[in-house]
Amino acid sequence: MSSVFVSKNGKVSKAVGFQPKDALLFVPEERNSSHILKEQRSAMKRSSKQIKDRFALATKRA
Amino acid sequence: MPKTKIFISSVNEDGLKPLRQKVYHQLKQLGHEPLMWEENLGPWLGHVDPVHRCLEAVEESDIYLLFIGSRAGTYYGNAMRTVTHMEFIKACEQGKLILVFADIEVKQCYFGTVKPILEQCIEKYVASESRFPPPTHLIELLQADSRIPSNIDPYVWYFYYDMTQRKVYIDDLTLGVPIDWEMYFSDLLRRGSLLLPLEDYIEQTSMRLEQYDDAFELITSLLPSMQITGLEQPEGALEKIRRMLKGGDIEQVYGQYMTECIGYYRDCCAATLYTLREDKLYLDAAAGNAVPVPEFRLDDQSSYMALTVQMGNPAEQIYYKEAKAMFYHCIFSGSKVLTLHYPADPDWNARKFIHYKESVNRAILSKNPLIIEWVKLFLGGLKR
């Protein structure tokens, strides 16, 4: 699980315990919006293919 | 003319045996092709794994029909699932039309008694372990709970839970009361009749989506090789970007299917753009209700922009500050740092953020990724 970091009093450290309201909190993660976009575009292509294949089956006549 | 293949799935328990047979013959009489293991899934040759054969039959079928009583059936430890449940999961994975009929008394017991107990167990487990409990743990807890009738296999409750998480409708089954198949299939015919004429429209929409995706692919591949001289009206451009970026729900994901809405964030209310020159960040433009500071030093550890720049180039990070009730999405690309401000709903605080940090990151990063990707590439291509 990713660690939470806190910037307070001009210093950055791992966030442990109670944090004051003016603390700046963040969780560095390797996965950014570019990775998510890549996944979404792959999923869209798969769905598109599934729709085409399913319609081909549904409209098939003997 | 091809016939509709309907896979009949259930535990071969006493109460359901005659029902299975009756339904098999009724569906045949109606002109469909029912698939049922004891009737026509054989021959059962020595090397054929019956579970695999049943799962193959689910794949071949057009409709998956499930009857569920009070017994769980054969449990496979490796899969941590019963055979019937595996058939159901296969039908879901294959996108089959699923019809479920459940013993009315067992169903009422689930929704009236078991469901709240189960949800409480899951909530406690997630709070202490930060992950969804395995089925074996849930079944043990339910088995030990004296409020739950012991004449029903505890695995059945877990099966119900899975079905409701996947938003599968569970119809009532009263043994002895016949199911009106003509009515069911007439309704399916009605639904199909509404959708099939839209085939061309749906295919065209799908094709347009692919065209837009191809155009996006081309633009994003060309942008890094372009030198963009700058923005004539940076405030105007920033305001356009800000207005496009919408807020949304923040959901905690448990396992593959369960999500819980834990809060929300509002539409982007402010945006700032800074340029990195040597060891400082200088304000270019601001939009919305931002009250920006003219410059920051790179070693200023209280500045989310400075922190993001220190993460590398390009870099992207989400921040939260309780005092401002705000999430900040900070993007560093080329020599530019863009920050987008999203107001957090009033329930958020530092403790909640620490507990649900991954959900917050995922919610904000996955809401507008197309726009963000384009903005990142554009900023990266701006002439330094």
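The values are calculated or read from the model by the stated rules, or taken from the named source; none is laboratory data. Please read these numbers as outputs of a predicted model, since none were measured by experiment. Cβ atoms come from the backbone with ideal geometry, glycine included; neighbour counts cover every protein chain shown. Note: accessible area is taken over every heavy atom of the protein model, side chains too, but ligands, DNA and RNA are not part of it. Shrake-Rupley method; radii C 1.70, N 1.55, O 1.52, S 1.80 Å.
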Examine segment B:343-362 for a residue that is of a type in the set (Phe, Trp, Tyr) and within 22 Å of the chain's Cα centre (by Cα), and state whether such a residue exists. yes
Within segment B:30-113, considering only strands (runs of 3 or more DSSP E) that don't extend past its boundaries, which have at least 2 residues that are closer than 13 Å to B:Ser10 by Cα? B:63-68, B:97-103
Total residues in segment B:357-384, condition facing another protein chain (nearest Cβ under 10 Å) and under 21 Å from B:Glu322 (Cα atoms): 7
Could you grab me the full set of residues in segment B:317-331 that are out of contact with any Cys (no Cβ under 7 Å at 6 or more places or on another chain) and either more than 8 Å from chain A (Cβ to nearest Cβ) or buried (at least 19 other Cβ atoms within 10 Å of the Cβ) (or both)? B:Ile318, B:Tyr320, B:Lys321, B:Glu322, B:Lys324, B:Ala325, B:Met326, B:Phe327, B:Tyr328, B:His329, B:Cys330, B:Ile331
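Given the options B:Glu56, B:Glu60, B:Glu39, B:Glu13, name the one that is within 14 Å of another protein chain (Cβ to nearest Cβ) and either out of contact with any Ser or Thr (no Cβ under 7 Å at 6 or more places or on another chain) or on the phi > 0 side of the Ramachandran plot (or both).
On the way: B:Glu56 fails: within 14 Å of another protein chain (Cβ to nearest Cβ); B:Glu39 fails: within 14 Å of another protein chain (Cβ to nearest Cβ); B:Glu13 fails: within 14 Å of another protein chain (Cβ to nearest Cβ).
Being within 14 Å of another protein chain (Cβ to nearest Cβ) and either out of contact with any Ser or Thr (no Cβ under 7 Å at 6 or more places or on another chain) or on the phi > 0 side of the Ramachandran plot (or both) holds for just one of B:Glu56, B:Glu60, B:Glu39, B:Glu13, which is B:Glu60.
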Looking only at segment B:332-355, filter to residues that are at the interface with chain A (Cβ under 10 Å from one of its Cβ atoms) and out of contact with any helix residue (DSSP H, G or I) (no Cβ under 6 Å at 6 or more places or on another chain); which one of those is surrounded by the fewest Cβ atoms within 10 Å (Cβ to Cβ)? B:Arg351
Hey, any hits in segment B:173-182 for a residue that's part of a helix (DSSP H, G or I) and either open to solvent by 70 Å² or more (accessible area, probe 1.4 Å) or away from every other protein chain (no Cβ under 14 Å) (or both)? yes
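Within segment B:118-144, can you find the residues that are under 21 Å from B:Thr259 (Cβ atoms) and touching a residue at least 24 places away in the same chain (Cβ under 8 Å)?
Here is the first cut: in segment B:118-144, the ones under 21 Å from B:Thr259 (Cβ atoms) are B:118-135, B:137-138.
Scanning segment B:118-144 gives B:Leu118, B:Ile122, B:Val126, B:Arg131, B:Phe132, B:Pro134, B:Pro135.
When residues of segment B:282-300 are filtered for being more than 17 Å from B:Leu231 (Cβ to Cβ) and open to solvent by less than 50 Å² (accessible area, probe 1.4 Å), how many remain?
Taking segment B:282-300 and keeping what is more than 17 Å from B:Leu231 (Cβ to Cβ), we get B:289, B:291, B:293-300.
Then drop every residue that is not open to solvent by less than 50 Å² (accessible area, probe 1.4 Å), which leaves B:296, B:298, B:300.
Total meeting the criteria: 3.
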Can you report the number of residues in segment B:195-217 which are exposed (fewer than 12 other Cβ atoms within 10 Å of the Cβ) and β-branched (Val, Ile, Thr)? 0
Boolean, B:Gly176 is closer than 23 Å to B:Gln21 by Cα, out of contact with any Pro (no Cβ under 8 Å at 6 or more places or on another chain) and without any contact (Cβ under 8 Å) to a residue 24 or more places away in the chain: yes
Which number in (1) within 14 Å of another protein chain (Cβ to nearest Cβ); (2) in contact (Cβ under 8 Å) with a residue 24 or more places away in the chain; (3) farther than 20 Å from A:Val4 by Cα marks the one condition that B:Ile250 misses? (3)
Under 25 Å from B:Gly380 (Cα atoms) and free of Cβ contacts under 8 Å to residues at least 24 places away in the same chain, is that true of B:Val293? yes
Given the condition of a type in the set (A, V, I, L, M), in a helix (DSSP H, G or I) and more than 14 Å from chain A (Cβ to nearest Cβ), answer yes or no: does some residue in segment B:285-296 qualify? no
Failed condition for B:Ser128, given (1) loosely packed, with under 15 Cβ neighbours inside 10 Å; (2) out of contact with any Pro (no Cβ under 6 Å at 6 or more places or on another chain); (3) modelled with pLDDT of 90 or more: (3)
Can you spot a residue in segment B:63-74 that is farther than 30 Å from B:Asp180 by Cβ, in contact (Cβ under 8 Å) with a residue 12 or more places away in the chain and of a type in the set (Lys, Arg)? no
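Mind telling me which of the residues B:Tyr160, B:Tyr110 ends up being farther than 30 Å from B:Arg351 by Cα, among the hydroxyl-bearing types (Ser, Thr, Tyr) and under 19 Å from the mean Cα position of the chain (by Cα)?
Details: B:Tyr110 fails: under 19 Å from the mean Cα position of the chain (by Cα).
From the options B:Tyr160, B:Tyr110, the qualifying one is B:Tyr160.
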With (1) closer than 21 Å to B:Phe353 by Cβ; (2) in a loop (DSSP other than H, G, I, E, B) as the list, and B:Ile262 as the residue in question, which single condition is left unmet? (2)
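Every residue, every condition in (1) aliphatic (A, V, I, L, M); (2) open to solvent by 30 Å² or more (accessible area, probe 1.4 Å); (3) farther than 26 Å from B:Gln21 by Cα, yes or no:
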residue: B:Ser150; (1), (2), (3): no, yes, yes
residue: B:Met163; (1), (2), (3): yes, no, no
residue: B:Ile219; (1), (2), (3): yes, yes, yes
residue: B:Met226; (1), (2), (3): yes, yes, yes
residue: B:Leu245; (1), (2), (3): yes, no, yes
Just to be sure before I move on: is B:Glu13 within 24 Å of the chain's Cα centre (by Cα), acidic (Asp, Glu) and not in a strand (DSSP E or B) in the structure I sent? no
